[in-house]
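First the structure, in the form of structure tokens, and then the observations on it.
The values are calculated or read from the model by the stated rules, or taken from the named source; none is laboratory data. Quick caveat: nothing in here was measured; it's all calculated off a predicted structure. Here the Cβ is made from the backbone with ideal geometry for all residues, glycine too, and neighbour counts use every protein chain on show. Surface areas here come from the heavy atoms of the whole protein model, side chains and all, with no ligands, DNA or RNA. Shrake-Rupley method; radii C 1.70, N 1.55, O 1.52, S 1.80 Å.
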Amino acid sequence: MDITAPRGTNDILPPESLKWQYIEDTARDILKRYNYQEIRTPIFEETQLFQRGIGEATDIVEKEMYTFDDKGGRSITLRPEGTAAVVRSFLENKIYGQAQPTKYYYFGPMFRYERPQSGRYRQFHQLGVEVLGTDSPVLDAEVILLGLQILAELGLADLEVLINSVGCPECRTEYREQLRDYFAANLEDMCSDCQSRYDRNPLRILDCKSKECQQHLEGAPEIYDSLCTECSEHFDQVKNHLDELAVDYTIDPALVRGLDYYTKTAFEIVYTGLGAQDTIFGGGRYDGLAEEIGQREIPGIGFAMGIERIILALEEQEVELSLTVDLDLFIITIGEAAQKTAFKYLAKLREAGCRVEMDYLDRSVKGQMKCADRTNAQYSIILGENELEAGVATIRNMQSGEQQEIELHNLVSEMESRT
Ligand code: HAM
């Protein structure tokens, strides 16, 4: 076949899809405990939402968006992330008129035209949370704790929490000048990306991974001296809350994140076992985003974690998830009449909550036994002409080999009592 899935996309097949369900179920359970509710926004949005929200000078907006004109001539973009759309929805639906804060979460595919490699895809999936309507540093600590708890309950260990403050537009104006002064002398030796970042967004230079820039990054001024009193106090309080929760973290002055909307707290949770793409989740505060999108001052904070990266980390750490798909009962049939009867029993058993299956391919009894084995059925039962006539059949425990004769009309209650 010459048609394949587009580059950078993945099919999620069973049994792999069970892992996805397990991750989602675990996360939903924890999100409920933290009082977050699900929001679902469209997969595509007007392009200008991301241009204004994420920032024109970011890699995402400059190089990575899937943007096209629809048949009505509107510029549409497949969402590269979830935050801008959540804020758009919050404003459009006037949720700010309700009691605050609003705590949302979302799961879903995101799209970025990146160079695919392990842990980096063009369609990938995020679990994100966004808290709108409060600038309390308690929430900064809460979202970090929430993310860590999800990963811990999935069984992941050895995670590193990196935090920073990127200040507000006022603090950054001063800091940008300091960075420009510092990098000016070596700009010619730096990579072309950093040369263009120098004018437009010198903070991003701090995040540069290219070899030629590394030596110039050491000794760069840190933002902390430029933080205004409010941002500085806010950062102190976030750190205090994390200390009180006994969360281990490292302050990383070079953590600037790739989206322009961040203010004050920025953080990333890293698992170094993942190699180059080692950030499992990242986020931060975005107190100016609602104003950028809808001229309203609404503070917000959130994070998004990459589900593919969680799965890679689980595999790397050899975490065994308890994924059960085993059947309760496999009905083996001999002949057409038995097949018909079995099909009726399947319906009744499924109504009663049992996981049951039969053969649809007219396999031999031996072949059907193999199917029962392959599906890890706990019990099997053989239905043939004799059984139908007598109204009795033998139910077999597939593990112990124990057998018991039962009256067929009791099959549902028998299975209910056994499962
Ligand atoms: P982000 O850092 O761009 O932040 O992405 C968050 C996470 O999504 C990453 O840490 C990574 O796990 C995953 N991810 C990103 N790009 C890819 C990719 N190409 N392939 C696989 N996984 C990827 C945001 O998206 C912000 N909206 C997070 C946020 C929410 N900030 C505040 N609220």
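Overview of values
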quantity	calculated
Conditions (1) open to solvent by 10 Å² or more (accessible area, probe 1.4 Å); (2) over 13 Å from the mean Cα position of the chain (by Cα): number failed by Val143	(1)
Per-region count, region 344-365, residues open to solvent by 50 Å² or more (accessible area, probe 1.4 Å), closer than 16 Å to His409 by Cα and touching a residue at least 40 places away in the same chain (Cβ under 8 Å)	1
Condition check for Arg52: open to solvent by 30 Å² or more (accessible area, probe 1.4 Å), under 15 Å from the mean Cα position of the chain (by Cα) and within 30 Å of Tyr198 (Cα to Cα)	no
Matching residues in region 154-173 - criterion: being exposed (fewer than 15 other Cβ atoms within 10 Å of the Cβ) and over 30 Å from Glu315 (Cβ atoms)	Pro169, Glu170, Thr173
Residue pairs meeting the criteria (Cβ under 9 Å; at least 6 apart or on separate chains; first in contact (Cβ under 8 Å) with a residue 60 or more places away in the chain, in region 214-231; second among the polar types (S, T, N, Q))	Leu227/Ser165; Cys231/Ser165; Cys231/Thr263
Residues located in region 178-227, provided they are assigned to a loop (DSSP other than H, G, I, E, B), under 31 Å from the mean Cα position of the chain (by Cα) and more than 23 Å from Ser165 (Cα to Cα)	Ser210
Selection from region 247-269 of residues that are over 21 Å from Arg122 (Cβ atoms), near the ligand (Cβ under 9 Å from one of its atoms), in contact with a strand residue (DSSP E or B) (Cβ under 7 Å, 6 or more places away or on another chain) and open to solvent by 10 Å² or more (accessible area, probe 1.4 Å)	Tyr262, Glu268
Residue within region 383-401 that is closer than 27 Å to Trp20 by Cβ and open to solvent by less than 50 Å² (accessible area, probe 1.4 Å) present	no
Boolean, Thr394 is under 39 Å from the mean Cα position of the chain (by Cα) and β-branched (Val, Ile, Thr)	no
Strands (runs of 3 or more DSSP E) (entirely within region 42-153) containing at least 2 residues that are within 13 Å of the ligand (Cβ to nearest atom)	102-111, 123-132
Tally, over region 55-78, of residues that are surrounded by 11 or more Cβ atoms within 10 Å (Cβ to Cβ) and of a type in the set (Gly, Ala, Ser)	3
Qualifying positions in region 401-417 - within 19 Å of Ala342 (Cα to Cα) and either of a type in the set (Val, Ile, Thr) or within 39 Å of the chain's Cα centre (by Cα) (or both)	Ile406, Val412, Met415, Glu416
Selection count where residues are open to solvent by 50 Å² or more (accessible area, probe 1.4 Å) and more than 18 Å from Tyr379 (Cα to Cα), scope region 334-343	3
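Residue by residue, here is whether (1) surrounded by fewer than 21 Cβ atoms within 10 Å (Cβ to Cβ); (2) more than 12 Å from the ligand (Cβ to nearest atom); (3) free of Cβ contacts under 8 Å to residues at least 24 places away in the same chain holds:
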| position | (1), (2), (3) |
| --- | --- |
| Tyr286 | no, no, no |
| Leu289 | no, no, no |
| Glu292 | yes, yes, no |
| Glu297 | yes, yes, yes |
| Gly300 | no, no, no |
| Phe303 | no, no, no |
| Ile310 | no, no, no |
| Ala313 | no, no, no |
| Glu316 | yes, yes, no |
